[in-house]
Amino acid sequence: KIKEINYLGRDYPAKETGLYKKLDDYVEFINKDVVNDNYINDLKEEFIFFCKNSEKNILISSEAWVFPYQKDNFSGKYVVNSQWNKLDRLNKFMKGLDIEIKYFLIYRNPVEAIQSLFSTIHHIITDIFGKKYGDFNFLLKKILKQDHKFNEIKLFFDVYNLPKIKEILSPNPVKIIDYKLISENPKEFLNVISDF
């Protein structure tokens with residue numbers, strides 16, 4: 001709700017233009033039959049038009065782009081979709097526009113965050129991998145053994161892989177903002193975002 005910013009996000013005024021939804025469909029690659037070269041060219045034109053007519057900075061926000069899953073439109077079930085593919089599509093799209101781009105990430109300490117993440121996406125993990133994976137210790141044992149579906153499960157822990165995120169979003173630098181600022185010093189958090 002910062003007056004100086006045009007915000008594009010899942011539950012915000014982008015519904016008027018549908019621009020966020022179109023970009024999200026492209027990044028998530030939800031409907032492979034629809035997202036073709038024409039779709040991408042139209043999206044670029046619409047996005048450039050939106051940017052040039054905006055009198056404010058534009059902030060696009062989506063935590064789903066760093067998570068390795070999405071809901072399948074046809075089955076209604078969750079499926080693995082690598083965050084590395086999503087971030088790569090996003091960065092390629094942004095590089096193709098003649099606009100200034102900056103990335104920032106609100107980063108939570110993985111040691112503190114992993115249990116919270118697991119409980120938040122517990123239903124998704126069990127939907128994708130099965131009920132046994134609903135037990136955190138079982139999941140960790142599978143990771144340690146590099147067992148069944150290791151590469152897919154590992155993607156959930158890679159949410160915190162900062163070097164890989166920075167590598168994929170290069171050459172644009174990624175500003176890392178500590179999650180603690182939000183709860184401990186919200187005013188400073190807003191200052192950091194505003195300065196950025």
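Side notes on the structure shown:
Table: residues versus (1) of a type outside the set (G, A, S); (2) closer than 19 Å to E28 by Cβ.
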| residue | (1), (2) |
| --- | --- |
| K86 | yes, yes |
| G134 | no, no |
| L155 | yes, yes |
| L169 | yes, yes |
| N172 | yes, no |
| K175 | yes, no |
| Y179 | yes, no |
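- Selection from region 53-86 of residues that are of a type in the set (D, E, K, R) and open to solvent by 70 Å² or more (accessible area, probe 1.4 Å): E55, K56, E63, K71, K77
- Verdict on K141 being without any contact (Cβ under 8 Å) to a residue 60 or more places away in the chain, touching a helix residue (DSSP H, G or I) at 6+ places or on another chain (Cβ under 6 Å) and assigned to a helix (DSSP H, G or I): no
- When the test is whether a residue is modelled with pLDDT of 90 or more and under 26 Å from C51 (Cβ atoms), V192 passes it.
- Within region 163-174, tally of residues that are open to solvent by 80 Å² or more (accessible area, probe 1.4 Å) and either touching a residue at least 40 places away in the same chain (Cβ under 8 Å) or in contact with a Cys (Cβ under 7 Å, 6 or more places away or on another chain) (or both): 1
- Hey, H148 open to solvent by 40 Å² or more (accessible area, probe 1.4 Å), part of a helix (DSSP H, G or I) and not basic (K, R) or not: no
- For region 30-73, the candidate set comprises residues that are touching a helix residue (DSSP H, G or I) at 6+ places or on another chain (Cβ under 6 Å) and among the β-branched types (V, I, T); within that set, the residue that is farthest from F93 (Cα to Cα) is V66.
- Test for Y160: is it open to solvent by less than 30 Å² (accessible area, probe 1.4 Å), of a type in the set (S, T, Y) and in contact with a helix residue (DSSP H, G or I) (Cβ under 6 Å, 6 or more places away or on another chain): no
- Filter pass, D127 being acidic (D, E), modelled with pLDDT under 90, open to solvent by less than 70 Å² (accessible area, probe 1.4 Å) and part of a helix (DSSP H, G or I): no
- Flag if K15 is over 30 Å from G130 (Cβ atoms), basic (K, R), at pLDDT 90 or above and open to solvent by 50 Å² or more (accessible area, probe 1.4 Å): no
- Of the strands (runs of 3 or more DSSP E) that lie entirely inside region 1-120, those containing 2 or more residues that are more than 20 Å from E152 (Cβ to Cβ) and among the polar types (S, T, N, Q) span 57-61.
The values are calculated or read from the model by the stated rules, or taken from the named source; none is laboratory data. Fair warning: this is a prediction, and the values are worked out from it, not measured in the lab. All Cβ positions, even for glycine, are placed from backbone atoms using ideal geometry, and neighbour counts span all protein chains on display. Surface accessibility is based on the protein's heavy atoms, side chains included, excluding ligands, DNA and RNA. Shrake-Rupley method; radii C 1.70, N 1.55, O 1.52, S 1.80 Å.
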